[in-house]
1. Does Met121 fit the bill of being aliphatic (A, V, I, L, M), part of a strand (DSSP E or B) and either in contact (Cβ under 8 Å) with a residue 40 or more places away in the chain or farther than 30 Å from Ile53 by Cα (or both)?
2. Out of the residues in the range 150-159 that are closer than 11 Å to Leu110 by Cβ and of a type in the set (A, V, I, L, M, F, W, C), state the one that is surrounded by the most Cβ atoms within 10 Å (Cβ to Cβ).
3. Can you find even one residue in the range 102-109 that is within 29 Å of Gly162 (Cα to Cα), modelled with pLDDT of 55 or more, in contact with a helix residue (DSSP H, G or I) (Cβ under 6 Å, 6 or more places away or on another chain) and aliphatic (A, V, I, L, M)?
4. Check whether at least one residue in the range 156-177 is aliphatic (A, V, I, L, M), under 23 Å from Pro84 (Cβ atoms) and more than 17 Å from the chain's Cα centre (by Cα), and report yes or no.
5. Any residue that is basic (Lys, Arg) and within 23 Å of the chain's Cα centre (by Cα) - is there at least one of those in the range 57-80?
Amino acid sequence: VNQTPVPPGNENPSDGPSDGNPRIVSVPAQLASYEKSGEQNPHGQPSDAQPEIIDVNLAEAAEQGHDSRLLHDGDVVMVTRRVPKPIHVIGLVNKPDKYEMPVNQELRVLDALAMAGDRSMQAADKVLIIRQIEGRKEPIKIDVSVKEAKENGAANVRLAPGDIVSVEETPATVVLGTLQRVVRIAVGGSVGLF
């Protein structure tokens, strides 16, 4: 619990309750109290007084740029930790699984493929990113070429939390996979005859 006093003279009566009750500012909405029963709060009020709770969405406040609130002596600010959704890497990769998004780092398609042990078939070039956008019923689909992503940084798409990265089968990968199985059977069968 962090308490941030406001220097004398910077108080703004319109910013907070005038009844002397503490305010709790939390992000996202979370109820909390720092008072113990029978004690007085920093404003000299009995601890059974109800604090004012103000919910602030920091992302929205930063975009709008005009949400100024002054903190008063005894105010409590709580910022809850946001754990980003993992990404899922599936399809023609060596280790299909869900992977955590790195903190304070961007993650791109080639990074996700490296986390998944690369493609199980080097001919697999088509990657489909499936991204659910808040407020939309249907997810968006982004086509990426591994070859283009290696050659052009702009084609190495930045991933978002919750993305599904699917290395897709194509006619070329189906034919190549079939040929590999036939060769494996032919070599295995000829070895068994001798």
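1. On the way: aliphatic (A, V, I, L, M): yes; part of a strand (DSSP E or B): no; either in contact (Cβ under 8 Å) with a residue 40 or more places away in the chain or farther than 30 Å from Ile53 by Cα (or both): yes.
Criteria not met by Met121.
2. Leu159
3. Within the range 102-109, the subset within 29 Å of Gly162 (Cα to Cα) is 102-109.
Still in the list and also modelled with pLDDT of 55 or more: 102-109.
Those left that are additionally in contact with a helix residue (DSSP H, G or I) (Cβ under 6 Å, 6 or more places away or on another chain): 109.
Now drop any that are not aliphatic (A, V, I, L, M), which leaves 109.
Looking through the range 102-109, at least one residue is within 29 Å of Gly162 (Cα to Cα), modelled with pLDDT of 55 or more, in contact with a helix residue (DSSP H, G or I) (Cβ under 6 Å, 6 or more places away or on another chain) and aliphatic (A, V, I, L, M).
4. Yes, that holds for at least one residue.
5. Scanning the range 57-80, I find no residue that is basic (Lys, Arg) and within 23 Å of the chain's Cα centre (by Cα), so the answer is no.
Conditions (1) of a type in the set (Phe, Trp, Tyr); (2) surrounded by 14 or more Cβ atoms within 10 Å (Cβ to Cβ), marked per residue:
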| residue | (1), (2) |
| --- | --- |
| Tyr99 | yes, yes |
| Gln122 | no, no |
| Leu128 | no, yes |
| Arg131 | no, yes |
| Lys137 | no, no |
| Pro161 | no, yes |
| Ala172 | no, no |
| Thr178 | no, no |
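Condition check ((1) within 30 Å of Asp55 (Cα to Cα); (2) among the polar types (S, T, N, Q); (3) assigned to a loop (DSSP other than H, G, I, E, B)) across all residues:
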residue	(1), (2), (3)
Val77	yes, no, no
Arg81	yes, no, yes
Lys85	yes, no, yes
His88	no, no, no
Lys98	no, no, no
Met101	yes, no, yes
Gln105	yes, yes, yes
Leu110	no, no, no
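Residues are listed down the side, and each one gets a yes or a no for (1) modelled with pLDDT of 90 or more; (2) in contact with a Gly (Cβ under 8 Å, 6 or more places away or on another chain); (3) under 17 Å from Arg158 (Cα atoms); (4) not aliphatic (A, V, I, L, M):
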residue: Gln40; (1), (2), (3), (4): no, no, no, yes
residue: Gly44; (1), (2), (3), (4): no, yes, no, yes
residue: Val56; (1), (2), (3), (4): no, no, no, no
residue: Glu63; (1), (2), (3), (4): no, no, no, yes
residue: Thr80; (1), (2), (3), (4): no, no, no, yes
residue: Leu113; (1), (2), (3), (4): yes, no, yes, no
residue: Lys126; (1), (2), (3), (4): yes, no, yes, yes
residue: Gln132; (1), (2), (3), (4): yes, yes, yes, yes
residue: Ile140; (1), (2), (3), (4): yes, no, yes, no
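The values are calculated or read from the model by the stated rules, or taken from the named source; none is laboratory data. All values derive from a computational prediction rather than experimental measurement. Note: ideal-geometry Cβ built from the backbone for every residue, glycine included; neighbour counts use all protein chains shown.
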